[in-house]
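The values are calculated or read from the model by the stated rules, or taken from the named source; none is laboratory data. For clarity, every value in this text was computed on a predicted model and none was experimentally measured. Cβ placement follows ideal geometry from the backbone for every residue including glycine, while neighbour counts extend to all protein chains displayed. Protein only, heavy atoms only, side chains kept; ligands, DNA and RNA dropped before computing areas. Shrake-Rupley method; radii C 1.70, N 1.55, O 1.52, S 1.80 Å.
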Amino acid sequence: MGLEAGESHGAHQEDIAKCLEGLLKEGHNFNPVISSKKEDCRSKTSTEDLTYCLVYVIAADKVSMMEKSVIQKMRYIRQKASDLEIPQAIIMTKVDEICPLVRKDLRKIYTSKKIKEKMQQCSNSVGVPMSHIFPVKNYHEEIDTNDDMDVLILRALTQIVQIADDLLKRRKYDLEKGKTASYSVEKS
């Protein structure tokens, strides 16, 4: 379940905020009408429960059409993630649908002005820096794999893992040095 316009549609933003802190128990069922109950939450979290990178998946052809209420929910979640020092990234999908140049030759993805404009719109709307926005083309009509598509997807995933790994190392260092951070972790 993703974010949707309106208060009683899509995942509840408070539940996503609790996920970022590692407070929701495994197997939690998201309810768009009611935020999680106390029995759905952990009282303490461990390092394994914490989030190390928040990734938004946004379709390039929908960026300019996102409703204000969805953007407000995303900004709320982004602020919670920022308060917890969680890095954020965007996987921008369907780039071939907004740029004929890229549709013909996927290797032109980083030279396309239309793609760059959509990346900038994403950055402005959500607040994620351009360097953390990764444009990719979806597999939807292809029968065989495509190396150019795979490279973009793998590059995005590699960057996201590196971003998350940086936070993991920083938190581990903080714990070893006995520093108190903005996240609550039970030392094991």
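Quick notes on this structure:
- Summed over the stretch 113-135, the residues that are open to solvent by 80 Å² or more (accessible area, probe 1.4 Å) and either farther than 25 Å from VAL70 by Cα or β-branched (Val, Ile, Thr) (or both) give a count of 1.
- Test: ILE143 is in a helix (DSSP H, G or I) and either modelled with pLDDT under 90 or farther than 23 Å from CYS53 by Cα (or both): no
- Criterion (within 21 Å of LYS172 (Cα to Cα), at pLDDT 65 or above and open to solvent by less than 20 Å² (accessible area, probe 1.4 Å)) met by exactly one of LEU24, LEU20: LEU20
- Filter result for ILE153 (open to solvent by less than 70 Å² (accessible area, probe 1.4 Å) and touching a residue at least 24 places away in the same chain (Cβ under 8 Å)): no
- Members of the stretch 109-130 found to be more than 17 Å from ALA156 (Cβ to Cβ) and either assigned to a helix (DSSP H, G or I) or out of contact with any helix residue (DSSP H, G or I) (no Cβ under 6 Å at 6 or more places or on another chain) (or both), listed by number: THR111, LYS113, LYS114, GLU117, GLN120, GLN121, ASN124, SER125
- Failed item, numbered, when ASN138 is tested on (1) in a loop (DSSP other than H, G, I, E, B); (2) open to solvent by 20 Å² or more (accessible area, probe 1.4 Å); (3) touching a helix residue (DSSP H, G or I) at 6+ places or on another chain (Cβ under 9 Å); (4) farther than 17 Å from ILE58 by Cβ: (4)
- When ILE91, ILE153, ILE86 are screened for being within 30 Å of GLU48 (Cα to Cα), β-branched (Val, Ile, Thr) and part of a strand (DSSP E or B), only ILE91 passes.
- Residues (in contact with a strand residue (DSSP E or B) (Cβ under 9 Å, 6 or more places away or on another chain), of a type in the set (Lys, Arg) and loosely packed, with under 13 Cβ neighbours inside 10 Å) located in the stretch 84-112: none
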